[in-house]
Every structure is written in structure tokens, then in C-alpha cells.
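Data block below; observations after.
The values are calculated or read from the model by the stated rules, or taken from the named source; none is laboratory data. Keep in mind that this is a model prediction, so the values were computed, not measured. Backbone-built Cβ (ideal geometry, glycine too); neighbour counts: all protein chains shown. Side chains included, ligands, DNA and RNA excluded: accessible areas come from the protein's heavy atoms. Shrake-Rupley method; radii C 1.70, N 1.55, O 1.52, S 1.80 Å.
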Amino acid sequence: MSDLRTLRNYINGEFVDAADGRTLEIVDPTTGEVYATSPLSGAADVDAAMASAAAAFPIWRDATPSTRQKLLLKIADAVEERADELVDAECRNTGKPRGLTRSEEIGPMADQIRFFAGAARLLEGKAAGEYMDGMTSIVRREPVGVCAQVAPWNYPMMMAVWKFAPAIAAGNTVVLKPSDTTPASTVLLAEIIGGILKDLELPAGIFNVICGDRESGRLMVEHRTPAMASITGSVRAGIQVAESASKDVKRVHLELGGKAPVVVFEDADIPEAVEGISVAGFFNAGQDCTAATRVLVHESIHDAFVEALAKAAAETKTGGVDDEDVLYGPLNNANQLKQVSGFIERLPAHAKVESGGHRVGEAGYFYAPTVVSGLNQDDEIIQNEVFGPVITVQKFSDEDQAVDYANGVEFALASSVWTKDHARAMRMSRRLDFGCVWINTHIPLVAEMPHGGFKKSGYGKDLSSYGFEDYTRVKHVMTAI
Ligand SMILES: NCCCC=O
């Protein structure tokens, strides 16, 4: 008898297999071995989940902000209470270090849910008033409807929170699909949220989870029911979602790839910059759309900087979930290992691997912390997202060239500037064409501030009141007086 775990869809308060019984094998990235199966959802499963969310919508839409807040606050408390189980599921999903998963994800997740619980009671609009003689105008802010949401594999449970918390806070109902490689923690979140919905006697269909692959996601986005599709994923996936959603003009919310430039000026605190950049570049094996992946260093400090960064990389440890002092675990899947290795194998002759540049071990998908220098702006590894523990270094001669190199990619999610010159930092934050500019730091996020990009990094914001408003629609009501 097989001892594989069986994960199930969560539809209308019930755990169910795919209607046609199809399954996907779920692999532990630390070993490369299958440890669970999940449903491979098809049209019948998507129909059932959408029907559940649609039935719950009128009730949830009409619930008071206070009720929405109460639900979210209970979910946040439960995330903390059941942190051990969530961390176990997430580590099995991803192979991340257990301690860092708990410290860097559980606390922020609970905080982000509580932020949206508060936001539920603070919807904003223009003042009601007489903007035309004899007429009073008011603005209603309403939920959009059923939301089809697709989460990525790099932070499966935290990205699920970024999706469902603002949607539910605004009065929408949700059908959420985790990535095909990382469904375990989202299925556990469904159990947790389902239990709370039951306790509060709220409709089970407020929150539904569908497991499956790219095709399952396409069926969700193309389904006639959802009014909005939101996805965190690759540019390719985002374009596909936008194309599918365009057929019936659904609202789209896209958080796609990144290629964050990290501009280090000659007056920066170099040891601090090296430490901050190596952590922000290698954390989560660089599988982070904001990772500090593309360092631009002033030519006067370039060589010393590269040497120090290569030393920091050599001292950075990758390893298993419970290994000591490990910053990051494996790449998420075999395909990602192939992708990252491919970038290094195809490096041009003028590039130099200063540290790493190879797989670690034979089992699982571990990759060494890697630093590559000597690159040109049009090299493949500078222009494309690696999504692995690889930091590239280029040199620049002045501020204009730093801006040209930084902005000279198709992505525009996050960036950072390292300098002690306040005026320069302010100038750079104006000129950098990215959704976030950090100054003398890289990677921290807070619930109150928006996260989201420009250009091919997508549109719409996660977190913050901007993210919350993305899950609402504005209606003008005018009455003759
Ligand atoms: N650091 C969180 C970034 C979310 C997307 O990868």
C-alpha cells in the first residue's frame, strides 16, 4: 500500500478528489522523491468551485465590514496557533529552512491578514456632494465578485495570503489555485479557513482551493463566473492570463517577474552593502521576484566589491530543512534546476564565475551561491530572470550610466541604491523605473506599503490599501434632489 499523502481540493466546505480522479505527483525538492499526490483539476472541478464561490458571493458581499474583519482576525490567530503544521507543510512543499520559514513567513502572514482585517473597515471614496445643481452624488465601493487567483511556488503560503486576504476583506469570494508543485500548505490553509467559516456560520464557498496545473489555471481564468483574475507568476503565465481574461473583459491583477538592479555607489558602506546584498540575493535560493540579483557597482570599487561578494557567497550555506546555519534550501523543482544551470552553462566567454556556478549534491535540486562578473548589458543573464541563487555584477562609470543599465531591462518590480549621499539617493529613486526603490537596504516588505511593478513585471498592487482597492469597484450613484 502506498504511503503517499493525498491532498484534495477544497470546494464548498468539503475536501474532494478531482471529478475524473486524475492526480499530480508532488515532489520533495530536497530529495527529488514523490511524497504526495494532489488532484489534477479539470473543467468539472473548476465548475464546482466557481459555483460554490458564486453562491457564497451575495451573502459575503452583504456582510458588514465588521464581520469581514472578524473572519480575517480569526484566520490570523489560527495561522499563529497552527504555525508548526503550516511550517511543516511549507518546508515539505519547498525544502526551505524550517527556522527561517517560521520567522520570516508566519509572523508577516498573520500581520498581513490583520492589516486587511483593518482595511475592511476603512474603505475610501470621494465625498458625497452636489457636483451638479440639483443632484447629489455618492460613491459606493463594492466587491468585484468571484476572484480566480493563482499563486506561485516560491512563497506558496504567503502568496496565498496576499491573494485571498484583500479579496475576502473587500467582500469577494475566492477560488485559489496553488502552484502544481506546492499545494500542501494551501490545502492546509483551506482546512484552517474552512473550520473558521463553519464556526462563524458563514458560507463555506467564501474560500475554495483547486489544485492542478497550468491547464487548470487556464480553465479558472476563462470560466464565465469570476469577475477578476489575479496571478503571481512568470511573465509568460501573466500574458496568458491577460489574454484569456480579455475574452470577456475580466479585471486582471498581475505580479510577474523581476530583475532587480542593486546600484552601489563608491561612497556606500561597503561591508554593509555586501552583507545586505548577499542575503537579499541568496535568500530563498534567489527564488524571489525582488531578489538582489543584478548588482551595478561604481568602477572605482568594482574589484574590491566583487572579491568581498564572492567571499560572502562562499560563506553562505545551502542545505536541508533542519540543517544548521543554512540561508536557503533547494530550487523548487527539476525544471528550475535546469533553468538556473542553463544560464550558467551558456555564459559568454567574457563572463567570470567568481563563486559557485554548480549544483550541490546529487539528490534534490540544490544549487551553490553563485557570483558572476564581467558581464555586458545585453547578455542573456542580465536581461532575463534567473530565479536562482545567482548574483551578477557589472561596473558603471557615472550616475547616468547606472540609471541606463538599471532601467535597461523589460522588468520593473524592485531596485535598490546604496549610497551615503541623500540627494543622490533621492535623485536615483526618481529616475529608477521600478515599483519599489530601497535605499541602503534590499528586500524588506511591509503590509502597509504597495508591492507591484511596471512594464513586464505586471500591474496592480499587492499588500497596502492600494492592493485592497484593487479588489473593489467604484460605483457612482446620483440622485435628483
Ligand atoms: N519577498 C516577497 C516577494 C514576493 C514575490 O516573489
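Evaluate the Debye formula for the stretch 135-180 with equal point scatterers sitting on the alpha carbons, no solvent, and hand back log10 of I(q)/I(0) at q = 0.16, 0.26, 0.30, 0.31 Å⁻¹, in q order, two decimals.
Values, matching the q order: -0.48, -0.89, -1.04, -1.08.
Å³ per residue of the Cα convex hull, for the stretch 323-481?
199
Using only Cα atoms, tell me the angle between helix 235-246 and the longest principal axis of the chain; keep it within 0 to 90° and round to the nearest 10.
That works out to roughly 30 degrees.
Expressed as an acute angle from 0 to 90° and rounded to the nearest 10, what is the orientation of the C-alpha long axis of helix 270-282 relative to the principal long axis of the chain?
Result, in degrees: 50.
Can you compute the charge dipole magnitude of the stretch 118-206 about its Cα centre, using +1 on each Lys and Arg Cβ and -1 on each Asp and Glu Cβ, nothing else charged? Give it in debye, rounded to the nearest 20. Mind showing how you got there, number by number?
Details: 7 positive and 8 negative charges, 27 e Å.
Roughly 120 debye, rounded to the nearest 20.
What is the spread of the Cα atoms of the stretch 370-413 along each of their three principal axes, largest first, in whole Å?
Result, largest extent first: 29, 22, 16 Å.
Please report the antiparallel percentage of DSSP beta bridges with both residues in the chain, rounded to the nearest 5.
Percent antiparallel among DSSP bridges in the chain is about 45.
Hey, if you put +1 on the Cβ of every Lys and Arg and -1 on every Asp and Glu Cβ in the stretch 228-352, which of Gln287, Ala349, Asn335 ends up farthest toward the positive end of that dipole?
Of the options given, the answer is Asn335.
Could you pull the Cα extents of the chain along its three principal axes, largest to smallest, in whole Å?
74, 69, 40
So if I take the centroid of the Cα atoms in the stretch 440-481 and the same for the stretch 93-168, what is the distance between those two points in Å?
A separation of 9 Å, based on Cα centres.
Of the options Gln383, Ala119, Met426, report the single residue whose Cα projects farthest towards the positive end of the charge dipole of the chain (beta-carbon charges: Lys, Arg +1; Asp, Glu -1).
Ala119
Dipole of the stretch 15-122, Cα-centred, from +1 at each Lys and Arg C-beta and -1 at each Asp and Glu C-beta, to the nearest 20 debye?
600
What span do the alpha-carbon atoms of the stretch 405-481 cover on each of the three principal axes, reported in whole Å from largest to smallest?
Here the spans come out as 59, 26, 22 Å, largest first.
Taking Rh as the Kirkwood radius, which is the inverse of the mean 1/r over Cα pairs, what is the Rg/Rh value for the stretch 191-274?
Reported Rg/Rh, Kirkwood definition of Rh: 1.23.
What residue among Ser234, His302, Val249 has its Cα farthest toward the positive end of the dipole of the stretch 208-335, where the charges are +1 on Lys, Arg and -1 on Asp, Glu, each on the Cβ?
Farthest towards the positive pole: Val249.
Taking every eigenvalue of the Cα gyration tensor of the stretch 240-377, multiplying by 5 and rooting it, what semi-axes result, largest first, whole Å?
28, 21, 16
What dipole magnitude, in Debye to the nearest 20, does the chain give about its Cα centre under +1 on Lys/Arg Cβ and -1 on Asp/Glu Cβ?
The calculation lands at about 1500 debye.
How fast does the stretch 1-100 diffuse by Stokes-Einstein, in µm²/s, taking the Kirkwood radius from C-alpha pairs at 37 °C and 0.692 mPa s?
202
Would you mind checking which residues have amide H under 5 Å from Val372's amide H? H placed 1.01 Å from N; only 5 or more apart, or other chain.
Residues meeting the amide H criterion: Glu354, Ile391, Thr392, Val393.
Quick one: which residues, 5+ away or cross-chain, put their amide H under 5 Å from the amide H of Tyr365? H built at 1.01 Å from N.
Those qualifying (amide H under 5 Å, at least 5 residues apart or on another chain) are Leu331.
In deg cm²/dmol and to the nearest 500, what is the mean residue ellipticity at 222 nm of the chain if only DSSP H runs of at least 4 residues count, each as -39500 (n - 2.57), divided by the residue total?
-12000 deg cm²/dmol
Mind jotting down the distance between the C-alpha centroids of the stretch 195-232 and the stretch 242-315, whole Å?
If we compute the Cα centre of each part, the gap is 32 Å.
Does anyone have the angle between helix 43-61 and the longest principal axis of the chain? Alpha-carbon axes, 0 to 90°, nearest 10?
70
Can you list the aspartates and glutamates whose alpha carbon is less than 18 Å from that of Lys395, not counting same-chain residues fewer than 8 positions off?
The reachable aspartates and glutamates, counting only those whose Cα sits under 18 Å from Lys395, are Glu266, Asp267, Asp269, Glu299, Asp303, Glu307, Glu354, Asp378, Asp379, Glu380, Asp404.
Between Rg and the Kirkwood Rh of the stretch 142-295, both from Cα atoms, what is the Rg to Rh ratio?
Rg/Rh: 1.07.
What share of all Cα pairs of the stretch 342-410, in percent, falls into each consecutive 5 Å distance bin?
3, 16, 26, 23, 16, 9, 4, 2, 1, 0
Would you tally the net charge around Thr441, using a Cβ to Cβ cut-off of less than 12 Å, leaving Thr441 out, and scoring K and R as +1, D and E as -1? Walk me through the intermediate numbers first.
Numbers: positive: none; negative: Asp269, Glu272, Glu275.
Here the count lands on -3.
Summing +1 for each Lys or Arg and -1 for each Asp or Glu, what net charge is found among the other residues whose Cβ lies under 15 Å from the Cβ of Lys420?
-4
Given a cut-off of 28 Å, name the pairs among Lys177/Lys198; Lys96/Lys455; Lys96/Lys177; Lys163/Lys250 whose C-alpha atoms lie farther apart than that in the structure shown.
Those over the limit are Lys96/Lys455.
Would you rank His350, His253 by solvent-accessible area, highest first, keeping every protein chain in place and using a 1.4 Å probe? Mind showing how you got there, number by number?
Numbers: His350 85, His253 5 Å².
Ranked from most to least accessible, the order is His350, His253.
Of the listed peptides 402-413, 11-22, what is their order by residue-averaged count of other C-beta atoms within 10 Å, with the highest listed first? All intermediate terms of the calculation are to be shown ahead of the outcome.
Numbers: 402-413: 20.4, 11-22: 16.3.
For the peptides 402-413, 11-22, the packing ranking is 402-413, 11-22.
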